[in-house]
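Structure in structure tokens, see below.
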Amino acid sequence: VLMLVKKEDGTKLFSYSVMASKGMSWEGIFMTAFIMPISQFLTADTTGVKELIRMALQPMTSLSPYVFIVVVMVFAAIVTNIANNVVLAVVLLPVVYTFSMQMGLSGYGMSCILFVLTQLALFTPGASVFAGLAFSNQEWVKTPTMMKYAITAVLIMVVIFLIVALPYSMVIF
């Protein structure tokens with residue numbers, strides 16, 4: 001629509017060719033275009049990632065339900081900052097849902113908490129699309145600054161979310 005609107009002098013209000021050459025962060029677009037297809041391979045059954053996570057979480061089912069959920073959610077919030085957040089959510093969802101139901105907790109509530117915690121992926125460029133875009137734009141924020149504030153924000157949000165969301169999900173679901 002903006003390409004159709006003209007200024008008073010007759011020039012276009014928005015020129016796609018100018019914006020594409022000067023106004024777009026192509027580094028971020030290419031980084032995202034590369035990372036997202038590669039991360040999809042991690043969820044394939046032949047990689048064994050799903051089975052590895054299930055085996056790692058299986059011994060923790062002997063813990064109390066609340067300790068288990070807190071451990072799994074903190075694990076998800078930490079790993080999502082290293083691995084791709086979409087991949088981790090897809091891999092952990094069946095595990096969290098099944099174990100929550102077996103322990104008498106709401107599978108829906110725990111799934112919602114898992115989804116939110118896996119969206120806190122800010123620490124590395126491969127963690128999420130948004131982190132990749134932020135890391136690729138060095139004009140806005142430098143990498144050490146991004147990592148320092150990302151880890152601080154993630155830790156604060158995980159603590160607050162677990163304090164608020166766990167009890168609230170027990171009430172709602």
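The values are calculated or read from the model by the stated rules, or taken from the named source; none is laboratory data. Quick caveat: nothing in here was measured; it's all calculated off a predicted structure. Cβ atoms come from the backbone with ideal geometry, glycine included; neighbour counts cover every protein chain shown. Quick note on the areas: whole protein, heavy atoms, side chains included, nothing else; ligands and nucleic acids left out. Shrake-Rupley method; radii C 1.70, N 1.55, O 1.52, S 1.80 Å.
Counting only residues that are open to solvent by 70 Å² or more (accessible area, probe 1.4 Å) and either part of a loop (DSSP other than H, G, I, E, B) or closer than 21 Å to I113 by Cβ (or both), which one in segment 41-61 is modelled with the lowest pLDDT?
Only one residue fits best here, namely R54.
Right, here's the next one. Regarding F130, is this residue within 9 Å of the chain's Cα centre (by Cα) and either outside any loop (DSSP other than H, G, I, E, B) or basic (K, R) (or both)?
Working: within 9 Å of the chain's Cα centre (by Cα): yes; either outside any loop (DSSP other than H, G, I, E, B) or basic (K, R) (or both): yes.
Yes, satisfied.
Would you say A83 is surrounded by 17 or more Cβ atoms within 10 Å (Cβ to Cβ), in a loop (DSSP other than H, G, I, E, B) and at pLDDT below 80? If you could, list the steps in order and put the result at the bottom.
Numbers: surrounded by 17 or more Cβ atoms within 10 Å (Cβ to Cβ): yes; in a loop (DSSP other than H, G, I, E, B): yes; at pLDDT below 80: yes.
Here the answer is yes, as A83 does meet what is asked.
Oh, and also: Kindly indicate which of I38, I69 is under 29 Å from L155 (Cβ atoms) and either assigned to a strand (DSSP E or B) or modelled with pLDDT under 75 (or both). Walk me through how you get there before you give the answer.
Working: I69 fails: either assigned to a strand (DSSP E or B) or modelled with pLDDT under 75 (or both).
Unique residue meeting the criteria: I38.
Considering only residues that are farther than 18 Å from T80 by Cα and surrounded by fewer than 13 Cβ atoms within 10 Å (Cβ to Cβ), which ones fall in segment 144-167?
Here is the first cut: in segment 144-167, the residues farther than 18 Å from T80 by Cα are 144-145, 163-167.
Once the filter is applied, which keeps residues that are farther than 18 Å from T80 by Cα and surrounded by fewer than 13 Cβ atoms within 10 Å (Cβ to Cβ), segment 144-167 yields P144, T145, I163, V164, P167.
Taking the condition surrounded by 15 or more Cβ atoms within 10 Å (Cβ to Cβ), within 15 Å of V72 (Cβ to Cβ), aromatic (F, W, Y) and touching a residue at least 12 places away in the same chain (Cβ under 8 Å), does F123 pass?
Working: surrounded by 15 or more Cβ atoms within 10 Å (Cβ to Cβ): yes; within 15 Å of V72 (Cβ to Cβ): no; aromatic (F, W, Y): yes; touching a residue at least 12 places away in the same chain (Cβ under 8 Å): yes.
In short, no.
Given the criteria assigned to a helix (DSSP H, G or I) and under 24 Å from I151 (Cα atoms), does L114 qualify? Talk me through it step by step, then tell me what you get.
Details: assigned to a helix (DSSP H, G or I): yes; under 24 Å from I151 (Cα atoms): yes.
So L114 fits the description; yes.
As an exercise: evaluate W140 against (1) part of a loop (DSSP other than H, G, I, E, B); (2) touching a residue at least 12 places away in the same chain (Cβ under 8 Å); (3) not acidic (D, E) and give the number of the one condition it does not meet.
(2)
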